[in-house]
Amino acid sequence: MDPLAPLLELSEVADALENARANVDRMLWHEALRGDESLVETEVALHSASATLALDGYDCDVERLRAGDFDDPVVSGVLAVTDALPSLADVWPVSPRYVLAKLHLLATRDFADAGVDFEPGRIEVDESGSARINALCALITNPTKEIPAAMAAAVVHGELLSVRPFPVANNVVARAAARLALASKGLDPKLLITVDAGHLERQPEYVGAQRAWSTGTPDGVRAWLKHYGKALEAGAAETLQICSELMKDA
């Protein structure tokens, strides 16, 4: 049995994740996603980057990103991470530790000029944190079919936020790694769910549910998994809005 399987027995979790999957499936049938999806992919990438920046307190909307109207190393790092995700989706289930290091390198590539002193890509945790990272990587590289993609992504996201394996940029890495989990598990193979916009839409819940997950209690774990399902639903709705706007402008 998958070690995560008991989490599906927590109240309302299975329903929340199944509802999210159903909404994603409906999103993928949109007319804008029939044929060339490149315009949608570009817009989703920009909206996702803007949302993950907003979650960390940066006001950098989609149009500013599109125009390149920024000079902040955090912003350039988030864009570098976002651009790299498609090329890392197939690597994630084989070598998650390498991908985590790569994501951190990209997220912090311009930090040296800002005077921040650390070794990019190097995981720095205590013995307990190291054990949790090892266990997480084992779950990723030895998957089963029992666990929904949404749960796999939620666990990746929650654990990385709890362990905080790097001195900086942990939030950016965690959100990116969760998107790779959704892609590699087949729910979002083309990275079309604007899931970070879903987290932003429910930001107070996102922050509270993160803290709840870190407690490790059944109630805390349930709160995070339910949030993740709702964020996926909201992210799918954001992508549908993007599709509709593109169709209107075509």
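General remarks:
- Estimated inter-spin distance, residue 207 and residue 18, nm [label 7 Å along Cα→Cβ]: 3.4
- Computed from label points 7 Å out along Cα-Cβ, the spacing between residue 117 and residue 1 is 5.1 nm.
- The loop-placed GluC sites (Glu not before Pro) in the range 3-97, going by DSSP, that have at most 16 neighbouring Cβ atoms within 10 Å of their Cβ come out as 12, 37.
- Extended-chain gain in nm, criterion 0.36 nm per residue less alpha-carbon gap, residue 98 and residue 134: 11.7 nm
- 11 Å cut-off, amide nitrogen to a point 7 angstrom out along residue 11 Cα→Cβ, residues in the range 216-235: 219
- Put in order of Cβ neighbour count within 10 Å, fewest first, the listed residues 15, 188, 110 become 15, 110, 188.
- Taking the helices alone, the chain has a mean residue ellipticity at 222 nm of -21500 deg cm²/dmol, built from -39,500 (n - 2.57) per DSSP H run of at least 4 residues and averaged over all its residues.
- Among the trypsin sites (Lys or Arg not before Pro) in the range 1-103, those placed in a DSSP loop whose Cβ has at most 14 other Cβ atoms within 10 Å are 34.
- Distance between the 7 Å Cα→Cβ label points at residue 90 and residue 142: 2.6 nm.
- 140, 147, 123 arranged by Cβ crowding within 10 Å, fewest neighbours leading: 123, 147, 140
- Cβ crowding within 10 Å, taken as a proxy for footprinting-reagent exposure, orders 27, 151, 247, 1 from fewest neighbours to most as 1, 247, 27, 151.
- Point-charge dipole on Cβ atoms (K/R +1, D/E -1) for the range 40-82, about Cα centre, debye to 20: 100
- For the residue pairs 226/248; 145/230; 145/248, the C-alpha atoms sit more than 30 angstrom apart in 226/248; 145/248.
- Cα shape, the range 109-198, gyration tensor, a/c 1.5 rule: oblate
Bear in mind these aren't lab numbers, they're just calculated from the coordinates by the rules spelled out. Bear in mind the structure is a predicted one, so any value in this text is a computation, not a measurement. Here the Cβ is made from the backbone with ideal geometry for all residues, glycine too, and neighbour counts use every protein chain on show.
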